[in-house]
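Enquirer: Structure below; questions to follow.
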Amino acid sequence: MNMELSRRQFLGAAGAGLAGTAFGAFGFGEIEAAYAAAIRPFKLVNTAETRNTCPYCSVACGIIMYSKGDLKKGEKAEIIHIEGDTDHPTNRGTLCPKGAALLNFVKAETRLKYPMLRKPGSDKFERISWEDALDRITRLMKDDRDANFVQKNSSGVTVNRWITTGVLAASATTNETAWETYKVVRSTGMLVFDNQARV
Ligand code: SF4
């Protein structure tokens with residue numbers, strides 16, 4: 001008999017065959033399969049969704065972070081799952097392997113979470129507050145610019161440049177943030193300016 005199969009019918013039959021072989025070999029019979037199917041939809045119940053941007057590269061894919069724990073009730077929120085944002089125009093829900101492994105990045109013990117300072121002569125970094133870090137960065141930038149800003153070159157041409165301090169910007173920003181960062185940096189005359197996406 002000449003039997004015709006549509007592509008959908010073929011895939012359905014192949015899937016059933018697989019369940020009867022590979023899944024069966026792993027002891028994943030009907031009861032286990034039904035149990036897994038029943039609890040899977042509940043994984044994200046009672047989680048809070050937060051939209052964000054993957055910090056790895058300049059593609060800047062949209063992500064949704066799912067966390068448990070209500071901050072308003074004094075609970076500690078913990079991210080339990082991260083996936084691509086299907087509404088995001090850049091990636092439409094997809095993530096590359098680096099983005100798909102973001103949960104490990106968030107929970108990595110080596111991840112830097114606070115400003116750290118290694119004082120002159122010291123052999124170790126110490127945690128400092130954001131307030132102190134920003135004050136220190138601002139002070140050092142101002143002092144360096146005052147000392148090294150070049151208004152005119154040796155030929156008397158106005159150049160207004162500052163090349164003794166540089167800024168490395170992050171790629172996980174919106175266009176607006178990137179535009180503002182660029183304007184602030186360039187308005188100081190700074191020429192040494194690059195982006196983490198090129199590292
Ligand atoms: S998911 Fe991949 S491509 Fe998208 S921003 Fe992250 S690292 Fe870049």
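Every number in this text was worked out from the coordinates using simple rules, so none of it is lab data. This is a predicted model, so every value here is computed, not measured. Virtual Cβ from ideal backbone geometry, glycine too; neighbours counted across all protein chains shown.
Enquirer: Could you give each residue of the range 144-150 its phi-based ³J(HN,Hα) in whole Hz, using Karplus coefficients 6.51, -1.76, 1.60 with θ = phi - 60°, and x for Gly or Pro?
Expert: Rounded to whole hertz, the list is 5, 5, 4, 7, 10, 4, 10.
Enquirer: Can you work out ³J(HN,Hα) from phi for every residue in the range 58-74, in order, using Karplus 6.51 cos²θ - 1.76 cosθ + 1.60 and θ = phi - 60°, giving whole Hz and x for Gly and Pro?
Expert: 6, 5, 6, 5, x, 10, 10, 9, 9, 10, 10, x, 9, 4, 5, 8, x
Enquirer: Something else: Based on the Cβ-Cβ distance from R139 to T50, what FRET efficiency comes out when R0 is 25 Å, to the nearest 0.05?
Expert: 0.15
Enquirer: While we're here: Please sort 74-87, 57-70, 121-134 by packing, taking for each peptide the average over its residues of neighbouring beta carbons within 10 angstrom, highest first.
Expert: Packing proxy ranking, top to bottom: 57-70, 74-87, 121-134.
Enquirer: Now, a different point. List, in the order given, every pair from K68/K113; K76/K183; K72/K124; K72/K107; K119/K152; K73/K107 whose Cα-Cα distance in the structure shown is over 28 Å.
Expert: Going by Cα-Cα distance, K76/K183; K72/K124; K119/K152 fall outside the 28 Å limit.
Enquirer: Still on this model: Taking amide hydrogens as modeled 1.01 Å from N in the peptide plane, which residues meet the under 5 Å criterion relative to T165, leaving out close sequence neighbours?
Expert: none
Enquirer: Note down the nm distance, to one decimal, between modelled labels 7 Å out along Cα→Cβ at V159 and at D146.
Expert: Taking the simple label geometry, V159 and D146 are separated by 2.3 nm.
Enquirer: If you split all Cα-Cα distances of the range 57-199 into 10 Å bins from zero, what percentages do you get per bin, shortest first?
Expert: Each 10 Å bin holds this share of Cα pairs: 9, 24, 31, 23, 10, 3, 0.
Enquirer: With θ set to phi - 60°, apply the Karplus curve 6.51 cos²θ - 1.76 cosθ + 1.60 along the range 121-136 and write out the HN-Hα couplings as whole Hz, x wherever there is a Gly or Pro.
Expert: x, 7, 10, 9, 8, 10, 6, 10, 6, 4, 4, 5, 5, 5, 4, 5
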